[in-house]
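The values are calculated or read from the model by the stated rules, or taken from the named source; none is laboratory data. Values in this document were obtained by computation on a predicted structure and should not be read as measured data. So basically every Cβ, Gly included, is an ideal-geometry build from the backbone, and we count neighbours across all protein chains shown. Remember, those area values only see protein heavy atoms, side chains included, never the ligands or the DNA or RNA. Shrake-Rupley method; radii C 1.70, N 1.55, O 1.52, S 1.80 Å.
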Amino acid sequence: ATFRRSKLDRGLRHRGKHQVLWAFYRELLRLRRESPPLRFPDKGRMRVTPFRDQRALLVERWDGDDEALIGLNFSDRPAAVRATLRGGTWERVLDSASPEWAGAGTTARSELAARGDAGFTLAPHSAAVFALRTEPMTNR
């Protein structure tokens, strides 16, 4: 009886909250595979900023001109965070608080316009990933 109860039911990944979690993990894996800053875990190209009072972390990762910013909120309250970022437009590419992932609703903006310093709010118990949008090179 214990063995049968302990067996993994692979069919759950196609139903309800299990399906949402399965899709979320697949999206995380896709981001890691396709984003150079997330693909290679190199501590020399990473900066971590703790926000102890808010129980939040910001993780900045880069690889050449590609940059990613990961905000993690471990609190049951929204967390206001600030970072000094390379100038440009940072696009939100993932937010666990989004209704798409069965979250209560995102508080992070869809874009951050950084001119050195940018602030945003993370929803409770959430993670958000931003990527620096690089403009395509044009012939002059």
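So if I take the alpha carbon set of the chain, get Rg, then get Rh from the Kirkwood formula, what is the Rg over Rh ratio?
My calculation of the ratio gives 1.06.
Per residue, how much accessible surface does the chain expose to a 1.4 Å probe? Answer in Å², no decimals.
Averaged over the residues of the chain, the accessible area is 69 Å².
What number, in percent, do you get for the relative contact order of region 1-136 if the mean sequence gap of Cα pairs under 8 Å and at least 6 apart is divided by its residue count?
22
With charges only on Cβ, +1 for K and R and -1 for D and E, what is the dipole size of the chain about its Cα centre, in debye, rounded to 20?
Value, rounded to 20: 740 debye.
Using the alpha-carbon atoms, what tilt in degrees (0 to 90, nearest 10) does helix 16-34 show relative to the longest principal axis of the chain?
40
Karplus couplings for region 94-109 from phi (6.51 cos²θ - 1.76 cosθ + 1.60, θ = phi - 60°), rounded to Hz, Gly and Pro as x?
With the stated coefficients, region 94-109 comes to 7, 8, 5, 7, 5, x, 4, 9, 6, x, 7, x, 6, 10, 7, 5 Hz.
With point charges of +1 on the Cβ of Lys and Arg and -1 on the Cβ of Asp and Glu, referenced to the Cα centre of the chain, which listed residue (116, 132, 41) lies farthest in the positive direction of the dipole?
41
Taking θ as phi - 60°, what are the ³J(HN,Hα) couplings along region 47-64 by the Karplus curve (6.51, -1.76, 1.60), each to the nearest whole Hz, with x for Gly and Pro?
Once rounded to whole Hz, the list reads 9, 10, 10, x, 10, 4, 4, 8, 6, 9, 9, 10, 10, 9, 10, 8, 8, x.
Quickly estimate the mean residue ellipticity at 222 nm for the chain, helices only: each DSSP H run with n ≥ 4 gives -39500 (n - 2.57), and the total goes over all residues, rounded to 500.
After summing the helix terms and dividing by residue count, I get -5500 deg cm²/dmol.
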